[in-house]
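Values in this text are rule-based calculations from the coordinates and carry no lab data. Computed from a predicted model, the values in this text were never measured in an experiment. Every residue, glycine as well, gets a Cβ built from its backbone with ideal geometry; the counts of neighbours run over all protein chains shown.
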Amino acid sequence: MRVLVISDIHGNLEALETVLEFARQEGGFDEIWCLGDVVGYGPNPNECIARLREFPHVCLLGNHDAAALGRVNVEDFNPEAQQAIRWTQRALTAASRTYLESLPDRLCIGDYTLVHGSPRDPVWEYILHPSVAHAQFAHFDTPVCLVGHTHVPAIYHHFLSDGRPVTTWHYPEPGEVYTFQDPDRWIANPGSVGQPRDQDPRAACVLLEVESRRWAYYRIPYNIERTQYLMQQAGLPYRLIARLAYGW
Ligand code: ZN
């Protein structure tokens, strides 16, 4: 089975459409695994949910999805994010809300555990460092765990070195193919579709061959100005509009 692995779309339909078209041209996929935060920040939350639902897919609950549902205190977010969350809460249709309410915070599919943040704290914890990643391997049983949330693509490799468990960090290059081979274990992050934060503004995605565990990571340019224009029209905060051009 071939899966399009994506995360953190954040209401950016332009970026999502570009990723879907790219994946189609690369030979297509059987289903989508979306690691959460379909909404929040961007101008098209309902359209992104509707588009995702056109495909066989699974989707995890992200912190912005939970915030849009009013499940968490909005004050836990920075001021611009708060403003975007309130905008998203007003924009969401009843159908979108029902969809977000149905999302699980953790899924296991064969060799893979799927969460938004971390296996230890599925919706909220950020894995941005090997020491944080290292502690996560006690919190899932599968060989591979897929996470999003940081908007930074990464692969954490957990293995025995002289009988001692270690975790190393790898920052993949666009176009790079990585294979998760036994007996080691991994945490992998595909990066963000709709709001990258690694100084590369291009949309990120992965095509995963589920059985052979072949992880092919890509970055695709999309029409950022179009999304920025729609955000401006929606009255979303300037800083959130500007950051898309910098990938931060
Ligand atoms: Zn996010």
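Could we say that ARG53 is closer than 22 Å to THR18 by Cα and surrounded by fewer than 22 Cβ atoms within 10 Å (Cβ to Cβ) here?
Details: closer than 22 Å to THR18 by Cα: yes; surrounded by fewer than 22 Cβ atoms within 10 Å (Cβ to Cβ): yes.
Judged against the criteria, ARG53 is a match.
In segment 192-210, the count of residues that are within 16 Å of the ligand (Cβ to nearest atom), closer than 18 Å to PRO119 by Cβ and surrounded by 14 or more Cβ atoms within 10 Å (Cβ to Cβ) is zero. For segment 114-141, a residue qualifies if it is away from the ligand (no atom under 16 Å from the Cβ) and crowded, with 22+ Cβ neighbours inside 10 Å, and the qualifying residues are PRO119, ALA133, GLN136.
If I ask for residues that are assigned to a loop (DSSP other than H, G, I, E, B) and surrounded by fewer than 19 Cβ atoms within 10 Å (Cβ to Cβ), which ones from segment 61-91 would you list? Outline the logic, then answer.
Going through segment 61-91, the residues assigned to a loop (DSSP other than H, G, I, E, B) turn out to be 61-62, 69-73, 77-78.
The answer is LEU69, GLY70, ARG71, VAL72, ASN73, PHE77, ASN78.
Tallying residues that are on the phi > 0 side of the Ramachandran plot and either within 13 Å of the ligand (Cβ to nearest atom) or under 11 Å from the mean Cα position of the chain (by Cα) (or both) within segment 1-45 yields 7.
Look at segment 24-51: where a residue is free of Cβ contacts under 8 Å to residues at least 40 places away in the same chain and a partner is surrounded by 24 or more Cβ atoms within 10 Å (Cβ to Cβ) and of a type in the set (Ser, Thr, Tyr), sitting 6+ places away or on another chain with Cβ atoms under 8 Å, you get CYS34/SER7.
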